[in-house]
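Here's the structure we're looking at; comments come further down.
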Amino acid sequence: MARLNPYVKVLGARIYRPVKPLLDPLFSRVKPVHILILLLVVGLGGSFWPVVDGRLNLAPSAQEKAAWWPGSKETEEWVSRPDRLRAEILKWEKVLQDRPYDQGVLLQLAVLNWQVYEEQKALEYFARAKYLDPNNAEVRRLGESIFLF
């Protein structure tokens, strides 16, 4: 730290020297109390920024986000994501009817159900996949990362 100190002083002098004529009069007039009041006003003003219909909106829904950016492809995908996931779950469940002992299908269904917050169904599919081959590396990795087994 002692070796770094002279470099910091030189760097500070080089940065401060060009703006010194502008900042010195400002520093002589501004008191620490003024800075604290400014930070307080900015902090309070910022906390009431997302007000919708007279209420504080800390967690806007996907529909409200989409209303802010109409026509945006990302917001439309965000709003329709659960529906697309549920449609994909139905497709994989049809595949599961044809191949009930396919571990890859069971793991895919476990992940998809977990993404749409159907945790009980996800755990059931995961348990079936784990029963088929408990030593499979993919099953163990998924169990450790998502289901915390």
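Hey, rough spin-label estimate for Ala87 and Lys121, points 7 angstrom out along Cα→Cβ, what's it come to in nanometres?
1.6
Along the Cα-to-C-beta direction of Leu148, a point sits 7 Å from the Cα; which residues of segment 113-135 have their amide N less than 18 Å from that point?
Within reach of a label on Leu148: 114-124, 126-127.
Every number in this text was worked out from the coordinates using simple rules, so none of it is lab data. The model shown is predicted, which means the values in this text are computed figures rather than measured ones. Don't worry about glycine lacking a Cβ; one is built from the backbone with ideal geometry, like all the others, and counts go over all protein chains shown.
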